[in-house]
Structure formats: structure tokens, C-alpha cells
Amino acid sequence: MIDWSSFKPKAGSLLLSEPTLADSNFARTVVLLVAHNEEGSVGFVLNRPLQLKVQDLGEAFSPCELPVFEGGPVEIDTLHYIHRLGPGYIGASEVANSIFWGGDFDLIKLGMPGYKTEEIRFFLGYSGWGPGQLEREMEEHAWLVAPALEEDVFELPAEVLWEKAMRGLGKDAAALTKYPLDPRWN
């Protein structure tokens, strides 16, 4: 049996959507939480790549062939990024061990042609919760919480991330991966 009281969100953790979560924006998603405090929470969906490359966002981003991910349903006209390039990017915040959020975008743009997908991820939009909203969703069992491992965030293929993270929480959470996408199929 899953001990729901043990799941406490914090910056640098992964939110794993419960398979019964009805919100289509978050069905079987993995969200890297980059901020969580009394003012609310911010994160990025890690397992929803778009059919876009960074260079498709304008000439300023050419010739960067890195994929762009759907960060979430909020402000989908904004570009965000996480990386493991280190703290040398002015303004970068370390959200988990060797996982950084943001930083001086001019410095990021200078290195764009040479980046690899294992170093940086770009997102259109973000996932956001107002004060107390994520806690309420946690009480409703909408999310499970897992540690954000650098290799999972940057190296694991998007299509296996949710299941791998769920399995990492133990056999009860692993059993949730067998839940059908549409419960009517059961």
C-alpha cells in the first residue's frame, strides 16, 4: 500500500502524475519541480517532447538542433531551460545535485551549436501552482514524489521516464504503471 503521507514536494524533486489524474495536461507526466515555497510551485514536464528543434524558434537560435519540450500549460509562449552545465552561468539556480535552472541566456546562446541533449533541455511554457495548490493536489493523491536524478532528467528517453520513476518508488507504485490509459479499457 502506498504511504501518501511520505510524499513531500520540494524543489529538485520529480512529480509523477498518478495514472488516474484526469487533467490531460499532466496525464502520465514527470515534472521537475524547480521552485516550491509559500508563493507556489514551478516545474517543467520532462517527458513531452514537441515536434520542434530550438532552431525552429527563430534565427537567433540557429543552428541548434536540440529538441524542445512542452514545459506545461502556463505561458506557452515563453522559453525556459534546465542544464547541467554548472554554476558558471550567471543567475543559474541549482535545483538538485548538478541540475541547474536558467542562467545568463546570452552565455547559453553562445554555446548552443555545441550542446548535447544530455547537457541542456529547453521548454516552451511551464507548470505552475499557486500558494497551497500543489499541496491540495497531493492530498487528493494526484502526484507521487521521487528524487530527481541527473541521469534520468537528461539521459533517459522521454517515453520511459514516467514508468522508470514509478518503478523506482517500489512495488505498489510500480503496479500503477499497469493502469490503463483509459479505465474503460479495463
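Taken over segment 93-110, the criterion of being surrounded by 18 or more Cβ atoms within 10 Å (Cβ to Cβ) and in contact with a helix residue (DSSP H, G or I) (Cβ under 9 Å, 6 or more places away or on another chain) is satisfied by 96, 99.
Condition test on residue 126, is it part of a loop (DSSP other than H, G, I, E, B), of a type in the set (Ser, Thr, Tyr) and touching a residue at least 12 places away in the same chain (Cβ under 8 Å)? Spelling it out, it is not the case that residue 126 is part of a loop (DSSP other than H, G, I, E, B), of a type in the set (Ser, Thr, Tyr) and touching a residue at least 12 places away in the same chain (Cβ under 8 Å). Selection over segment 67-78 of residues that are at negative phi, surrounded by fewer than 19 Cβ atoms within 10 Å (Cβ to Cβ) and touching a strand residue (DSSP E or B) at 6+ places or on another chain (Cβ under 6 Å) gives a count of 3.
Only a single item in (1) touching a residue at least 60 places away in the same chain (Cβ under 8 Å); (2) over 21 Å from residue 11 (Cβ atoms) is not met by residue 69, and it is number (2).
Is it the case that segment 104-121 has a residue that's over 14 Å from the mean Cα position of the chain (by Cα) and closer than 19 Å to residue 12 by Cα? Yes, because at least one residue in segment 104-121 is over 14 Å from the mean Cα position of the chain (by Cα) and closer than 19 Å to residue 12 by Cα. With respect to the stated conditions, residue 43 is within 18 Å of residue 154 (Cα to Cα) and part of a strand (DSSP E or B). The residue that is nearest to residue 149 (Cα to Cα), counting only those in segment 51-83 that are modelled with pLDDT under 95 and in a loop (DSSP other than H, G, I, E, B), is 66. Annotation note: Cβ proximity below 7 Å between a residue of segment 85-111 that is over 23 Å from residue 55 (Cβ atoms) and at pLDDT 95 or above and a residue that is surrounded by 16 or more Cβ atoms within 10 Å (Cβ to Cβ) and of a type in the set (Lys, Arg) (sequence gap 6+ or interchain) occurs for 99/84.
The values are calculated or read from the model by the stated rules, or taken from the named source; none is laboratory data. Please read these numbers as outputs of a predicted model, since none were measured by experiment. Cβ sites come from the backbone with ideal geometry, for glycine too, and all protein chains shown count toward neighbours.
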